[in-house]
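Down below is the structure, laid out as structure tokens.
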Amino acid sequence: MVVPPPDGHAPTRRETPRSGHRPPLLWGVLLVVGRVLVALTGRLEVSGRAPRNTPLLLASNHIGVFDIVVLVAACHKLGIAPRFMATGGLFDAPVVGAVLRACGHLRVDRGKDTAVDAVRAAAGALAGGSPVLAYPEGRISTDPGLWPERGKSGVARLALAAGVPVLPVAQWGAHEAICWGTPTVTGWADLKPLLVSWLRAMRARPTFRVRFGAPVDLSGLRYGRAGDARRAHERIMRAITANLVPLRTDEPDLPRFHDATRPVTGRSPWRP
């Protein structure tokens, strides 16, 4: 996939970001709601930092259904309000889709020709001063140890095209809050296991650890040059993994929490 930068040429230096960017009011409210939900479910520990009032690309591992809520709470704690790149199916859902659009989040139709539009939109958001958060893996990890999967190079291409800092975000613990469940939710029978697992987590009160790492070094790489997107992707994924290691020192192999509903058909090439 070839994605031109917003202005049609590869950047040579990052422009001065627009300061004072404010998220839509609804998104600001939902950031607070996310913080409350996480506090009701377990304990949140955030380490590292993220610069405010500047465009940056946050790249996180994906470990469970609840981890997006944990990321929302962690970002709110650090005072940033990123726009999320979310799968197109969520935008098609009643109510949820309208909320995502009102909050300014970015639709990604993976595997379709329109996926290029999502990267253009994200590059435009970054150019306008908004931070953007994306999952390079594109799905919840199916590695038995919940280490990051291989992922796609779209986030790396976006990083090179936009010329903004890429912060690796590692998280651990959100997989204990809500079970993986089923690939699609069509009714109460699919929702019930998710609700039951969440109520159990509220009693167990797991710890949710989120670590914001140092910007990924993408020096020497250039947008549009053959092989550089792959190299950038590898650096980003290795940075995410490196920041994940200290969050799970007592679970280096398999997670202690066993979710029988999560498929374990994948394999992580980044596993330390």
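Things worth noting here:
- Sole exception among (1) among the β-branched types (V, I, T); (2) surrounded by 12 or more Cβ atoms within 10 Å (Cβ to Cβ); (3) not in a helix (DSSP H, G or I) for T265, by number: (2)
- Of V116, V70, all but one fail to be open to solvent by 10 Å² or more (accessible area, probe 1.4 Å) and touching a residue at least 12 places away in the same chain (Cβ under 8 Å); the exception is V116.
- Of all residues in the stretch 141-169, those satisfying the criterion of being assigned to a loop (DSSP other than H, G, I, E, B) and touching a Gly at 6+ places or on another chain (Cβ under 6 Å) are T142, D143, E149, K152.
- Taking the criterion of being without any contact (Cβ under 8 Å) to a residue 60 or more places away in the chain and open to solvent by 60 Å² or more (accessible area, probe 1.4 Å), the residues of the stretch 221-230 that qualify are R225, A226.
- Look at the stretch 76-90: where a residue is open to solvent by less than 60 Å² (accessible area, probe 1.4 Å) and a partner is aromatic (F, W, Y), sitting 6+ places away or on another chain with Cβ atoms under 8 Å, you get L78/F212; A81/W27; M85/Y135.
- When A127 is tested against (1) open to solvent by 10 Å² or more (accessible area, probe 1.4 Å); (2) touching a Phe, Trp or Tyr at 6+ places or on another chain (Cβ under 8 Å), exactly one condition is not met: (2).
- Filtered by the rule that a residue be touching a Pro at 6+ places or on another chain (Cβ under 6 Å) and surrounded by 24 or more Cβ atoms within 10 Å (Cβ to Cβ), the stretch 148-160 gives G151, V155.
- Extreme residue, surrounded by the most Cβ atoms within 10 Å (Cβ to Cβ), among residues of the stretch 172-210 that are modelled with pLDDT of 95 or more and among the β-branched types (V, I, T): V210
- Tally, over the stretch 44-67, of residues that are among the polar types (S, T, N, Q) and open to solvent by less than 10 Å² (accessible area, probe 1.4 Å): 2
Residues checked against (1) over 19 Å from the mean Cα position of the chain (by Cα); (2) closer than 22 Å to A59 by Cβ; (3) among the hydrophobic types (A, V, I, L, M, F, W, C):
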residue	(1), (2), (3)
M237	no, yes, yes
L244	no, yes, yes
D250	yes, no, no
H258	yes, no, no
T261	yes, no, no
S268	no, yes, no
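The values are calculated or read from the model by the stated rules, or taken from the named source; none is laboratory data. Note that the coordinates shown come from a computational prediction; the quantities given were computed from them, not determined experimentally. As a convention, Cβ positions derive from the backbone with ideal geometry for all residues, glycine included, and neighbour counts pool all protein chains shown. With ligands, DNA and RNA removed, areas are computed over all heavy atoms of the protein, side chains included. Shrake-Rupley method; radii C 1.70, N 1.55, O 1.52, S 1.80 Å.
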